[in-house]
Amino acid sequence: MITRFRQIEMRLMGPLTLIPIVLCLVVLGTIAALPMLAAVISELVGDFVPAGLQHLVVVVLGTAGFVGILALNPIYSIWLERKVAAHVQDRLGPMRVGWHGLLQSFADGVKLLFKEDLIPRDADRVLFRLAPMLAIASAFAAFAVVPWGVREDGVVLAVSNLNIGVLYFIAITSLGALAVLMAGWGSNNKYALYGGMRAAAQMVSYEIPTAILILVVVAQVGSLHIPDIVAAQSGGLLGVGDWLIFQLFPLNLIAFVLFFICGLAETNRTPFDIPEAESELVAGFHTEYSGMRFAFFFLAEYGNMLLVSMLAALLFLGGWVGPFGSNPLIFFLKGFGLVVVQMWLRWTLPRLRVDQLMGVCWKYVIPISFFLLIATTVIKGLM
Amino acid sequence: MDKPGSTGFDGAPAVTLYDEELPPDNSYAFSPEDLEEDEMILNMGPQHPSTHGVLRVELKTDGEIVKDSRPHIGYLHRNFEKHAENIDYQGVIPFTDRMDYVGSMGNSLAYALTVEKLLGIGVGERVAGIRVITAELQRIASHLLAMGTYGMDIGAFTPFLLCFQQRERVLDLFEWLCGARLLYNYNWVGGVSHDLPEGWTDKCRRFLDEFVPVLDEVDKLLSHNKIFIRRTADIGIITPEMAKDYALSGPNLRGSGIDWDLRRDDPYLGYENYDFNVIVADSPHGPVGSCWDRYFVRVREMYESVKIVRQALDRLPAEGDVQENVPRFVRPLAGEAYCRSEAPRGELAFYIVAENKKPIPYRVKGRSPCFVAMGLFHEITRGEMIADIIAIIGSLDIVLGEIDR
């Protein structure tokens, strides 16, 4: 009986496995063909839509595709995380659902969708419901200013080509702290409250060095516009030499490492995952969440991981500029490479204590980033 | 209450265990009325990922600082000692297995030694060798669990799985030996339940050879990690005086820098003939008696256990009936016996009072190292932070099955 069931399952799973692979190929292909695609879309749209609405339609179509890719990102990031964890720990990870467990995250997502939606009796219902929405909104909204590439004719591939994009990024990511605090307070659970309070203190503290380190880049390039920052890094040896990380050695290298550390802290990843410290606070701020609300926090976390990785790639690693020309695919590879580094760290390092975490921020990271800001501006001024 | 005939031992009035008319005594727990401003009672456990079972700790906290703590035990109380008064001597052994359920070989060994002392019988050389091998393998398995879960308490997940892979291999060896993976019923009074199967010693040797490099790797990954040291090396300090005053034993005692190991200082099973070092903490990273010291004593003890198992395998007599001294009836003369042994978690002892020629013991009392260690919990947690409480519980390496019995 069981074997029979297993056979049916296998037969069903075989073709289903193709779905994620095809999706992957489609997504990768879309990314690679983005510059062409954008041109095609605007031409197509130009034939049918009146001139006044053209821009709107392009933006709507682009945003829809963009949000679709962002929603798929956590699904594959979670699969990737589980695979990275498994191979770090000398095991296989998900292997059953689909080829090498590629459909596992879909299965988990379906499971979470069908879970009962629980709200604790004494919870603050408004805050409790609002918190996951805000978490995911802040994570997705910040992607609006992340450009993926630039077309030959100079059009930037971004939802919004904001000229103060970096500033917008700093502002929007702060909302994430608010969501965590709301979840912690609204759950009416002591562990959640601890998690929320820790998260608020941590994120607010680490926003300061993040902003300063972004300023280090802005001061060197002289622009708050992210495509300008990337443009300043193009050229050089093998298309790599002018990446900011290699300039003013070792100042920018230190800045990159610190920025990455701050990114880890802002996304609450190990070794800075004290807001959800599993062994201390059960699950931290999302202790009381279940089902899709819980999944939203997860989506937000993986969205934020990709966000800080992409931003680090844009600011320090030359964005879409690579040794083989410039392409959105290169940019995505850099972004996901840094995501893998985050996962690798998570499964290797223990967790800091809350006072040590604050100590790292206020005693080391902030003074060093101020020094970097002063040093780079002085050197730039002298040159 | 005073029903006719309800008198206790020697005509003393019966002890009332539960009386509905008496108001419940809540003086041990914290009361919300006694809190000062900004203080909060945080209830950690009995369902909590890192209280190592069903320990419940009440914390009086001020923000992240723990002002005071109260451990509540008894959630796993299974009445082992009372059961033992109603069952024959051999039948108690499965109950002892369930005390420290991750170090069962050590429990049944301690009980078997006590009954053998009561009966005045000894065991053959082969049985002693097998008992040493199983006890030391159990120590390795138990310390691996302690090491892995301690890493997880501090937030490092990977060492846990690496440790468990190796622990699994020890359990496989035990399963091959006696059919059980956790609760073995292996050490019988006067012998062991099964002789070593053919090829077992070779597999055991292979495990030891392959285990040491993995232990080196996990040690490198976790023990000397900067974050790990900063989290553990200056918290939960048990000074040597405190350790003596509270009668700690085992790795917890040696972690406070006191050189005491029953295998060397009060040897049983011929431990005096084995060449091994007693590991005492030398505290390179902070004050003596910290969580890191206790943890690292366990890590280094595993290497010593490997040494002992290797020697025992070399010396094991090739032939011998492992059940030749097993008595058909256990009916000791009136008397009492107390025998202690070095279990993975410390000094585990049994005290047995026997009635004359009766097949069931009059009283069996277990002296549990974890229960004793919980006695100073409130002392070492005072003034630490919430995250440190977890680190301290993990470093004491308690098993609630043994505390509650």
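The requirement of being touching a Lys or Arg at 6+ places or on another chain (Cβ under 8 Å) and not aromatic (Phe, Trp, Tyr) is fulfilled nowhere in the stretch B:86-97; no residue meets it.
Within the stretch B:132-177, the set of residues being of a type in the set (A, V, I, L, M, F, W, C) and more than 22 Å from B:Gly401 (Cα to Cα) comprises B:Val132, B:Ile133, B:Ile154, B:Ala156, B:Phe157, B:Leu161, B:Leu162, B:Leu173, B:Trp176, B:Leu177. Among the residues making up the stretch B:50-72, those that are under 20 Å from the mean Cα position of the chain (by Cα) and at pLDDT below 85 are B:Ser50, B:Thr51, B:His52, B:Gly53. Going by the structure shown, is A:Tyr289 among the hydroxyl-bearing types (Ser, Thr, Tyr), farther than 18 Å from A:Leu157 by Cα and outside any loop (DSSP other than H, G, I, E, B)? Judged against the criteria, A:Tyr289 is not a match. Restricting the stretch B:324-371 to residues that are over 17 Å from the mean Cα position of the chain (by Cα) and under 30 Å from B:Ile393 (Cβ atoms) leaves a set whose member that is surrounded by the fewest Cβ atoms within 10 Å (Cβ to Cβ) is B:Tyr338.
Please state which one of A:Val308, A:Val321 is among the aliphatic types (A, V, I, L, M) and modelled with pLDDT of 85 or more.
Details: A:Val321 fails: modelled with pLDDT of 85 or more.
Among A:Val308, A:Val321, only A:Val308 is among the aliphatic types (A, V, I, L, M) and modelled with pLDDT of 85 or more.
Within the stretch B:151-196, the residues that satisfy the criterion of being assigned to a loop (DSSP other than H, G, I, E, B) and within 9 Å of chain A (Cβ to nearest Cβ) are B:Gly155, B:Ala156, B:Phe157. The combined condition, being in contact with a Leu (Cβ under 9 Å, 6 or more places away or on another chain) and within 14 Å of chain A (Cβ to nearest Cβ), is not fulfilled by B:Arg205.
The set of residues in the stretch B:213-266 being closer than 30 Å to A:Val354 by Cβ and among the basic types (Lys, Arg) consists of B:Lys220, B:Lys226, B:Arg230, B:Arg231. Under the condition of being over 18 Å from the mean Cα position of the chain (by Cα), within 14 Å of B:Glu304 (Cα to Cα) and not in a helix (DSSP H, G or I), the residues counted in the stretch B:262-279 number 4. When the stretch A:92-107 is filtered for residues that are out of contact with any helix residue (DSSP H, G or I) (no Cβ under 7 Å at 6 or more places or on another chain) and at pLDDT 85 or above, only A:Ala107 remains. Across the stretch B:210-261, the number of residues qualifying as within 14 Å of chain A (Cβ to nearest Cβ) and assigned to a loop (DSSP other than H, G, I, E, B) comes to 6.
Look at the stretch A:272-311 and say how many of its residues are closer than 29 Å to A:Ile229 by Cβ and either in contact with a helix residue (DSSP H, G or I) (Cβ under 7 Å, 6 or more places away or on another chain) or within 14 Å of chain B (Cβ to nearest Cβ) (or both). Outline the logic, then answer.
We begin by selecting, within the stretch A:272-311, every residue closer than 29 Å to A:Ile229 by Cβ; these are A:272, A:299-311.
Now drop any that are not either in contact with a helix residue (DSSP H, G or I) (Cβ under 7 Å, 6 or more places away or on another chain) or within 14 Å of chain B (Cβ to nearest Cβ) (or both), which leaves A:272, A:299-300, A:302-311.
Matching residues across the stretch A:272-311 total 13.
Selection of helices (runs of 4 or more DSSP H) fully inside the stretch A:86-193 by the criterion of at least 3 residues being away from chain B (no Cβ under 14 Å), touching a residue at least 12 places away in the same chain (Cβ under 8 Å) and of a type in the set (Val, Ile, Thr) returns A:165-186.
Within the stretch B:244-283, the set of residues being without any contact (Cβ under 8 Å) to a residue 40 or more places away in the chain, in contact with a Phe, Trp or Tyr (Cβ under 8 Å, 6 or more places away or on another chain) and among the basic types (Lys, Arg) comprises just one member, B:Arg264.
Taking the stretch A:286-337 as the range and being closer than 30 Å to A:Tyr194 by Cβ and among the β-branched types (Val, Ile, Thr) as the test, the residues that pass are A:Thr287, A:Val308. The C-beta contact set for the stretch A:319-347 (first residue of a type in the set (Lys, Arg), second residue part of a helix (DSSP H, G or I), distance under 7 angstrom, 6+ apart or interchain) comprises A:Lys334/A:Ala313.
Return the residue satisfying two criteria in turn: it lies in the stretch B:213-224 and is within 17 Å of B:Ala146 (Cβ to Cβ) and not hydroxyl-bearing (Ser, Thr, Tyr), and of such residues it is farthest from the chain's Cα centre (by Cα).
Here is the first cut: in the stretch B:213-224, the residues within 17 Å of B:Ala146 (Cβ to Cβ) are B:214-215, B:218-219, B:221-223.
Checking the rest, the ones that are also not hydroxyl-bearing (Ser, Thr, Tyr) come to B:214-215, B:218-219, B:221-222.
Numbers: B:Val214: 24, B:Leu215: 21, B:Val218: 23, B:Asp219: 22, B:Leu221: 26, B:Leu222: 23 Å.
Of everything passing the filter in the stretch B:213-224, B:Leu221 is farthest from the chain's Cα centre (by Cα).
Would you check which residues across the stretch B:238-257 are surrounded by fewer than 23 Cβ atoms within 10 Å (Cβ to Cβ) and either within 15 Å of the chain's Cα centre (by Cα) or under 19 Å from B:Arg139 (Cβ atoms) (or both) and list them? Residue satisfying the conditions is B:Ala247 alone.
For the structure I just gave you, tell me whether A:Phe249 is in the same structural domain as A:Ala158 (by TED's automatic domain parsing), of a type outside the set (Val, Ile, Thr), surrounded by fewer than 21 Cβ atoms within 10 Å (Cβ to Cβ) and without any contact (Cβ under 8 Å) to a residue 24 or more places away in the chain. Explain how you work it out, then say what you get.
Numbers: in the same structural domain as A:Ala158 (by TED's automatic domain parsing): yes; of a type outside the set (Val, Ile, Thr): yes; surrounded by fewer than 21 Cβ atoms within 10 Å (Cβ to Cβ): yes; without any contact (Cβ under 8 Å) to a residue 24 or more places away in the chain: yes.
When the stated conditions are applied, A:Phe249 passes them.
Within the stretch A:160-177, the residues that satisfy the criterion of being closer than 24 Å to A:Pro132 by Cα and surrounded by 18 or more Cβ atoms within 10 Å (Cβ to Cβ) are A:Tyr168, A:Phe169, A:Ile172, A:Thr173, A:Gly176, A:Ala177. Considering the stretch A:338-354, the residues that are within 7 Å of another protein chain (Cβ to nearest Cβ) and either outside any loop (DSSP other than H, G, I, E, B) or of a type in the set (Val, Ile, Thr) (or both) include one that is nearest to B:Ile235 (Cα to Cα), namely A:Val354.
The set of residues from the stretch B:29-45 being of a type outside the set (Asp, Glu), part of a loop (DSSP other than H, G, I, E, B) and touching a residue at least 12 places away in the same chain (Cβ under 8 Å) comprises B:Ala29, B:Phe30, B:Leu35, B:Gly45.
What number of residues in the stretch B:27-38 are out of contact with any Lys or Arg (no Cβ under 6 Å at 6 or more places or on another chain) and within 14 Å of chain A (Cβ to nearest Cβ)?
To start, the set of residues in the stretch B:27-38 that are out of contact with any Lys or Arg (no Cβ under 6 Å at 6 or more places or on another chain) comprises B:27-29, B:31-38.
In the following step, the residues that additionally are within 14 Å of chain A (Cβ to nearest Cβ) were identified as B:32, B:35, B:38.
Residues meeting the conditions: 3.
Restricting attention to the stretch A:249-263, does a residue exist that is at pLDDT 75 or above and within 14 Å of another protein chain (Cβ to nearest Cβ)?
Looking only at the stretch A:249-263, we keep the residues that are at pLDDT 75 or above, and these are A:249-263.
Then keep just the ones that are within 14 Å of another protein chain (Cβ to nearest Cβ); that gives A:261.
The answer is yes, given that some residue of the stretch A:249-263 is at pLDDT 75 or above and within 14 Å of another protein chain (Cβ to nearest Cβ).
Please state which of the following conditions A:Gln233 fails to meet, knowing it meets all the rest: (1) at pLDDT below 85; (2) within 18 Å of A:Leu70 (Cβ to Cβ). It fails just one condition, (2). Would you check if there is a residue in the stretch B:186-204 being aromatic (Phe, Trp, Tyr), out of contact with any Lys or Arg (no Cβ under 7 Å at 6 or more places or on another chain) and crowded, with 21+ Cβ neighbours inside 10 Å? Yes, because at least one residue in the stretch B:186-204 is aromatic (Phe, Trp, Tyr), out of contact with any Lys or Arg (no Cβ under 7 Å at 6 or more places or on another chain) and crowded, with 21+ Cβ neighbours inside 10 Å.
The values are calculated or read from the model by the stated rules, or taken from the named source; none is laboratory data. Source: prediction; values computed, not measured. Glycine gets a Cβ as well: all are built from the backbone with ideal geometry, and neighbour counts include every protein chain shown.
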